[in-house]
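Working notes for the structure below.
The values are calculated or read from the model by the stated rules, or taken from the named source; none is laboratory data. The structure presented is a predicted model; accordingly, all values stated were derived computationally and were not measured. Every residue, glycine among them, receives a Cβ derived from its backbone with ideal geometry; neighbour counts consider all protein chains shown. With ligands, DNA and RNA removed, areas are computed over all heavy atoms of the protein, side chains included. Shrake-Rupley method; radii C 1.70, N 1.55, O 1.52, S 1.80 Å.
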2 protein chains.
Amino acid sequence: MKVFSVVGITESGKTTTIENIIKELRSRNYSVGSVKEIHFEKFAIDTVGSNTYRHREAGSQLVTARGYFETDILFQEKLSMDEILKFYNHDFVILEGVTDSNVPKIITAHNEKEILERLDDLVFAISGKISNSLDEFEGLPVINTIDNVEKIVDLIEEKVFDKLPDFPEDCCGECGYSCRQLGALILKGKARREDCVLAQSRVKLQIGGKDIEMVPFVQRVLYNAVLGVVKELKGYEEGKEITVRIL
Amino acid sequence: MKVFSVVGITESGKTTTIENIIKELRSRNYSVGSVKEIHFEKFAIDTVGSNTYRHREAGSQLVTARGYFETDILFQEKLSMDEILKFYNHDFVILEGVTDSNVPKIITAHNEKEILERLDDLVFAISGKISNSLDEFEGLPVINTIDNVEKIVDLIEEKVFDKLPDFPEDCCGECGYSCRQLGALILKGKARREDCVLAQSRVKLQIGGKDIEMVPFVQRVLYNAVLGVVKELKGYEEGKEITVRIL
């Protein structure tokens, strides 16, 4: 699952850029999901007085509204991006205005000052209003998605990689970098997505159907715990895949 | 996780009954979640023209709105109750107006005719407007939640059991019944939740794709080995299915 973010100030063209990219990705037959970060303290999607609103006011801690054609799960907290992305299994996920994720980024801006305020080594393109008057900025392409969406989506196909995990450096770092640093190196063509040691891992864990990422040390502990029991059993064969399910 | 449903015609007192039950369960220190079935074809929680609405219109197949104090995951399909309940880990989950789940039920009604239209062997209480004029109906207690919510919540504590699976009879039936039949027998005190054989064998092992049978002692050893590691991990939630694969 390839994840990237579009960041920029209000009215710089974020949502329009994303709309155009979504349409183009879908027309290339990719599945696409998206996340919108709402920077508005009083945001609430539910309507005062609705039945689901009444459930919540009475004390229900997780409320779902199921209609004929949609199902809305309303968590009463700001979930982390890692928790949110567990609900997705799309080819591409686009994050609007999300800054707490180490994914490749497109900046939308009105002017060069706004770009500089957001520029870092995860940015791979610039778009939005400034793309009417500029083609390139410090080596980065500035692309207008209204008349040139194919170009930015070509670049997304080329640059955006399967999402890296987001471990603190002191927790993993087995590739020699933090997850964020590795991401920046991949964007520059100086490392490969396969350099993330977790891509090589032989131990997979799911809880409640969701993948749980483990640093190599924890993988080895779990591997030893399972093998310690299983290799004593009749039916064990070295090298065969082992699946344990606890219901 | 104990799950029950409150069903009844519009204006029969469903949401009021649920509000009172939620408040009383929370005051007894239970965690509570809820699901509202919306029987209105044009229901859409999102507002026309919002950024998330624009994502969806452009073709985003799963849209999330993340605010400061809530995260709303907007699936564009009617999910099954089993899929929805995977998001929950609460002591009690109350379903409003949901009929496609084999859980114990409370009927709310204006009159006896409305009760009879909904009565089956999963109903354990009656409430809503009719409880102003009736105390009992065909052996079932009729309870007013406005002035007698303790009584209905005592009954919920006594009657509602950890949700049974919902397998087709020809897929399991190892207890001798369908899941729905077993539920009805548990409500009548003629079977126990533990009679569900899936409650007994919680550990499954496959090697090279083949099921390996384990005596209960070995199951417990493997269970403890896996849980010993997994329950220390971020993402672990009690009661959720765990899958470990070693490749």
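The table that follows gives values for the structure above.
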read-out	value
Entries in B:86/B:151; A:36/A:159; B:36/B:113; A:163/A:210; A:2/B:36 that, when Cα-Cα distance is taken, lie over 27 Å	B:86/B:151; A:2/B:36
In sequence order, calculated HN-Hα J values of region A:55-65 (Karplus, 6.51, -1.76, 1.60; Hz; x Gly/Pro)	4, 5, 4, 6, x, 5, 8, 9, 10, 10, 10
Whole-number percent relative contact order across chain A, with pairs defined as alpha carbons under 8 Å at least 6 apart	21
Amide H within-cut-off set for residue B:3, under 5 Å, with H built and near neighbours excluded	B:93, B:161, B:163
Accessible area of the protein assembly as shown belonging to carbon and sulfur atoms, whole % at 1.4 Å probe	47
Label 7 Å beyond Cα on the Cβ vector: residue A:224 copy-to-copy distances, nm	1.8
Accessible area (Å², per residue) of chain B, counting only protein heavy atoms and a probe of 1.4 Å	49
Per-copy distances of the residue B:100 label point, shortest first, in nm (7 angstrom along Cα→Cβ)	3.5
Cβ-defined net charge surrounding residue A:219, 10 Å radius [Lys, Arg +1; Asp, Glu -1]	+2
Descending semi-axes in Å of the protein assembly as shown, equivalent ellipsoid built from Cα gyration tensor	45, 33, 17
Other protein chain Cβ atoms within 10 Å, averaged over every residue that makes up A:95-104	1
Length gained when the stretch residue A:236-residue A:111 is fully extended (0.36 nm per residue, less Cα-Cα span)	38.6 nm
Local net charge near residue A:86, Cβ-Cβ under 9 Å (Lys/Arg +1, Asp/Glu -1)	-2
Calculated over region A:201-247: convex hull of Cα atoms, volume per residue (Å³)	87
Accessible area buried at the B-A interface, both sides summed, 1.4 Å probe (Å², nearest 100)	8900
For residue A:147, label point 7 Å along C-beta direction: distances to other copies, nm	7.6
Shape metrics for region B:2-159, restricted to C-alpha atoms - Rg then Dmax, Å	17.7, 55
Cα centroid separation, region B:171-247 to region B:92-120 (Å)	30
Expected 222 nm ellipticity per residue - DSSP helices of 4 or more, -39500 (n - 2.57), all of chain A, to 500	-9000 deg cm²/dmol
Counting DSSP beta bridges with both ends in the protein assembly as shown, the antiparallel % (nearest 5)	50
